[in-house]
Each structure stands twice: as structure tokens, then as C-alpha cells.
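Below you'll find the structure, written out as C-alpha cells, and then a few comments.
The values are calculated or read from the model by the stated rules, or taken from the named source; none is laboratory data. These numbers were taken from a predicted model, which means no experiment stands behind them. Neighbour counts run over all protein chains shown; Cβ positions are idealised from the backbone, glycine included.
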Amino acid sequence: MTVRKILIAGNWKMNWGPGSVAEVDLVRRGADDLSGVELSIHPPAVFACKVAERLAGSAVRLGGQDCHWEPSGARTGDVSAGMWAEVGAAFVIVGHSERRADHGESNAVVAAKAASVQAVGLTPIVCVGETLAERQDGRTLEVIGRQLDESVPDSILNQPLVLAYEPVWAIGSGLTPTPQQIIDVHASMRAALAGRAADLGPGVRLLYGGSVKPSNAAELLALPEVNGALVGGASLKAADFLAIAAAAPM
Ligand code: 13P
């Protein structure tokens, strides 16, 4: 049987404040009681070293929110996967819907980024998700299937990988899909992976993301084929982030 340790990843997005270091310290301390769950914090890139310092020696992982697909060079404003590796990150999120929307990232770009993350020995967290219009048109599974095919080619499936289903309309909105809607998408993702790489796909963790909070975490994390959560707003407060992690079935 494949054992997939639950991963609770905190995507801090473009948020940082005077209390942020203290929140990192609190997560670090709280994680001692949560050894059955893997935790990661994904701060804005400029604060990565600071967070890495605070997490040194703890089980809480550092993660990036994005990277360029090239290893180095004339790419103003970007950071590479190798740079994330150098500051001690374990994961890099790629293909978040905010990157896809704000920066016009295509599935091909996302695939290149994921490959660059794996090339330096880190694990990409590749995000997929439908818009509200796509869901209302009944195209959710088709959209997710295409994003998976094109953002996660077989070469990427052969190496450490996490996938995150984040419906665009559930991000930051307080709305979440019904349990059955999440079950349907995660089952279709698992089936797609199994169809392509029967021996490799089972190890891939499938996270759910979009308005995960302490009050809904237990229900969401108990759903079949939900192997963790990608948390935005509720990850900024250690107490909420830890409460979400504590709600995971262990
Ligand atoms: P919220 O948890 O704020 O809805 O954000 C989800 C998200 O986009 C995580 O990557």
C-alpha cells in the first residue's frame, strides 16, 4: 500500500509584516506535536533566507512560490529553482492560478518550471484548477485533464511531485467546492496519473487548496484522495495553520 504523508503547505503569497518572523517561530514550535504531518512555509522570495534561518533544524520545510525555468542568467526579477535549493527549500510551487493569470503562464511554461525544480532535486507543487465559468459550463474535469496533460508530462511524473487542485473561484473567496466536487476532481486526477504511470503515480500527493481554514480542514482532509492542503490566507497565522494541520487524519 502506498503511504502518502499529509502535506500542509502554507503559501504566504505577497504577504509579510512585522509579526511574520514570530509566526514562523510559532509554527516551528507547534510542529513538534504534529509529527504525522509534513508542513511547509512558502514566504515571499526576498524573505526566504530569514525564514530558512528560523526553520533551521526543524521538521518544517521551506518552500518557494515560483521560479524561472532557466538555471541562471539575464532574467530580471526572477529566481531560479537552484536558488531555492541553495537556501534549503524542499518544495517550489509552480503554475499557481495567480501566476497563470497575472503573468500569462501557459501549461508549457509550468511544465518547464516543474522540470527545473526536479532538476535541482526539489519537489514541485504543480497547481491546476478551473475558473467559475469553466465549472458552470460543466467543463471542470476536461480543463483539469488538459492542465494535467500539458503541465505534467510523463517526464515529470517520473520524479518527486505534488499536485494541488485549486479551483480559481475558491481561492480567497471563502467558497469551497462541495465534498463530492472535490472527490470527483481528485479521483479523476488519480485515475489520470494511474493511466499514465501505474507504478509511479500512486506516490504523488494530491493537495486541495482554496479557502481552507480551521473550521473546514477536518472535513476536507478526510476526503478520499486528498493528501493535504495548500493554504493561503489561513497560513499567515500560526494558530490557524497549526489548527489545520492538527485536523489532518493521522
Ligand atoms: P486561500 O487559502 O487564501 O483561499 O488561498 C488558496 C491558495 O491560493 C493557496 O495557494
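Does Asp25 qualify as being out of contact with any Gly (no Cβ under 9 Å at 6 or more places or on another chain), acidic (Asp, Glu) and either within 16 Å of the ligand (Cβ to nearest atom) or not in a loop (DSSP other than H, G, I, E, B) (or both)?
Yes.
Quick test for you: out of Ala133, Ala108, pick the one residue that is surrounded by fewer than 16 Cβ atoms within 10 Å (Cβ to Cβ), over 18 Å from the mean Cα position of the chain (by Cα) and in contact (Cβ under 8 Å) with a residue 24 or more places away in the chain.
Checking each option against the conditions leaves just Ala108.
Taking region 1-19 only, how many residues are outside any strand (DSSP E or B) and either under 15 Å from the mean Cα position of the chain (by Cα) or touching a residue at least 40 places away in the same chain (Cβ under 8 Å) (or both)?
Step one: of region 1-19, the residues outside any strand (DSSP E or B) are 1-5, 12-19.
Filter again for either under 15 Å from the mean Cα position of the chain (by Cα) or touching a residue at least 40 places away in the same chain (Cβ under 8 Å) (or both), leaving 2, 4-5, 12-13, 15.
Summing the residues that are outside any strand (DSSP E or B) and either under 15 Å from the mean Cα position of the chain (by Cα) or touching a residue at least 40 places away in the same chain (Cβ under 8 Å) (or both) in region 1-19 gives 6.
What number of residues within region 217-242 are more than 11 Å from the ligand (Cβ to nearest atom), in a loop (DSSP other than H, G, I, E, B) and touching a strand residue (DSSP E or B) at 6+ places or on another chain (Cβ under 7 Å)?
3
Is it true that some residue in region 96-107 is away from the ligand (no atom under 16 Å from the Cβ), at pLDDT 95 or above, in a helix (DSSP H, G or I) and not hydrophobic (A, V, I, L, M, F, W, C)?
yes
How many residues, within region 28-57, are under 22 Å from Ala217 (Cα atoms) and assigned to a loop (DSSP other than H, G, I, E, B)?
Count: 6.
Among the residues that make up region 76-94, is at least one of them within 16 Å of the ligand (Cβ to nearest atom), farther than 21 Å from Tyr208 by Cα and surrounded by fewer than 19 Cβ atoms within 10 Å (Cβ to Cβ)?
Checking region 76-94: not a single residue is within 16 Å of the ligand (Cβ to nearest atom), farther than 21 Å from Tyr208 by Cα and surrounded by fewer than 19 Cβ atoms within 10 Å (Cβ to Cβ).
This table checks each residue for (1) more than 16 Å from the ligand (Cβ to nearest atom); (2) touching a residue at least 60 places away in the same chain (Cβ under 8 Å); (3) within 20 Å of Val212 (Cα to Cα).
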| site | (1), (2), (3) |
| --- | --- |
| Gly30 | yes, yes, yes |
| Glu53 | yes, no, no |
| Gly57 | yes, no, no |
| Gln65 | no, no, yes |
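Restricting the first residue to region 162-184 and requiring it to be in a helix (DSSP H, G or I), which pairs with a second residue that is within 12 Å of the ligand (Cβ to nearest atom) meet a Cβ separation below 6 Å and a spacing of at least six or different chains?
Hits for this filter: Val168/Ser97; Val168/Gly129; Ala170/Thr176; Ala170/Gly210; Ala170/Ser211; Ile182/Tyr208.
For region 207-216, indicate whether the set of residues that are surrounded by 21 or more Cβ atoms within 10 Å (Cβ to Cβ), closer than 28 Å to Met14 by Cα and more than 11 Å from the ligand (Cβ to nearest atom) is non-empty.
no
Yes or no: region 114-135 includes at least one residue that is assigned to a loop (DSSP other than H, G, I, E, B), in contact with a Pro (Cβ under 7 Å, 6 or more places away or on another chain) and under 23 Å from Glu225 (Cβ atoms).
yes
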